[in-house]
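The values are calculated or read from the model by the stated rules, or taken from the named source; none is laboratory data. Since the model is a prediction, treat every value here as computed from it, not as a measurement. Cβ placement follows ideal geometry from the backbone for every residue including glycine, while neighbour counts extend to all protein chains displayed.
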Amino acid sequence: MRAATLIVGVGMTVAGLVAAQGQLLHWQQYGFYMPIRLSALWIEIWGASSASLWLRDVSGSTAWLLDQPLCTVIPFVGVFLAWTGMGGIGRTSLRL
């Protein structure tokens, strides 16, 4: 299970860095930077709420997290998952 967590974490980290590179390339070519928010990914995967202002229904910390750029959140989550997956690697159990 830890190996799967490590693989998913490394994949998310790489995907987040690729998203950051794509946004920076867009900024370099067109001269302005408009980051993709995590809420856009949330809407694409789970769909929007039926309420017109669906961010009013969530708590303050969740709304803050959904307002962060995607290229910032995804690598942090990926590094955390990879770090969690690395927790059991290299340990040996002592059996007497």
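For residues that are closer than 14 Å to residue 77 by Cβ and touching a Pro at 6+ places or on another chain (Cβ under 7 Å), scanning just the range 4-24, find the one that is surrounded by the most Cβ atoms within 10 Å (Cβ to Cβ).
So the residue we want is 16.
Evaluate the range 50-59: report whether one residue or more is modelled with pLDDT of 60 or more, of a type outside the set (Gly, Ala, Ser) and part of a loop (DSSP other than H, G, I, E, B).
yes
Filter the range 1-49 down to residues that are touching a helix residue (DSSP H, G or I) at 6+ places or on another chain (Cβ under 8 Å), at pLDDT below 85 and farther than 19 Å from residue 70 by Cβ, then give me how many there are.
Final tally of qualifying residues: 3.
Conditions (1) surrounded by 12 or more Cβ atoms within 10 Å (Cβ to Cβ); (2) over 17 Å from the mean Cα position of the chain (by Cα); (3) of a type outside the set (Ser, Thr, Tyr), marked per residue:
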residue: 2; (1), (2), (3): yes, yes, yes
residue: 26; (1), (2), (3): yes, yes, yes
residue: 30; (1), (2), (3): no, yes, no
residue: 35; (1), (2), (3): yes, no, yes
residue: 42; (1), (2), (3): yes, no, yes
